[in-house]
Structure formats: C-alpha cells, structure tokens
Amino acid sequence: MQSPKLFAQDGNEYREFTQGEYEQHAADIIEYERQNALALEKAAARKTLLDRLGMTENEAALLLG
C-alpha cells in the first residue's frame with residue numbers, strides 16, 4: 001500500500017512534502033511512539049509501586065507535597 005501524500009502550506013499555496021519533510025515526518029512518528037511507550041511504561045511502574053505500598057495517587061501526592 002502506498003503511503004498517503006502529505007501537504008504543507010506555504011502562504012496561500014499548498015504543496016506536497018519534499019523528500020526531506022517526508023523523512024522528518026517519519027522520524028517524528030517514530031520519536032512520538034518511543035516517547036509514548038516510555039510514558040506508558042513509567043505510568044505502569046508508578047501504579048505498581050503505589051499498589052505495593054497500598055496507596056492512591058492522591059495519598060502519595062499528599063505525602064510528597
């Protein structure tokens with residue numbers, strides 16, 4: 001399947017992405033997915049720790065605040 005064409009707006013004109021812009025777009029998607037996976041992993045670790053301690057997020061915030 002061919003990937004969809006992407007367009008950028010220059011003033012009032014629309015143009016297709018250049019090869020460099022397509023490459024940057026692909027790199028941005030990979031970086032977003034990496035950051036999202038790290039955030040989900042961090043949230044799961046925090047939840048596991050709070051469960052082990054028998055605390056809620058609000059209780060932990062009060063304790064640390």
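The values are calculated or read from the model by the stated rules, or taken from the named source; none is laboratory data. Model, not experiment: these values are computed from the prediction. Cβ coordinates were reconstructed from backbone atoms using ideal geometry, including for glycine residues, and neighbour counts include every protein chain displayed.
The table that follows gives values for the structure above.
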quantity	calculated
Pair list, Cβ under 8 Å, 6 or more apart: the stretch 3-17 residue within 20 Å of D28 (Cα to Cα), other residue basic (K, R) and in a loop (DSSP other than H, G, I, E, B)	E16/K5; F17/K5
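Yes/no matrix, rows are residues, columns are (1) surrounded by 10 or more Cβ atoms within 10 Å (Cβ to Cβ); (2) modelled with pLDDT under 95; (3) at positive phi:
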{"site": "P4", "(1), (2), (3)": "no, yes, no"}
{"site": "F7", "(1), (2), (3)": "yes, yes, no"}
{"site": "N12", "(1), (2), (3)": "no, yes, no"}
{"site": "D28", "(1), (2), (3)": "yes, no, no"}
{"site": "E31", "(1), (2), (3)": "yes, no, no"}
{"site": "E41", "(1), (2), (3)": "yes, no, no"}
{"site": "A44", "(1), (2), (3)": "yes, no, no"}
{"site": "G54", "(1), (2), (3)": "no, no, yes"}
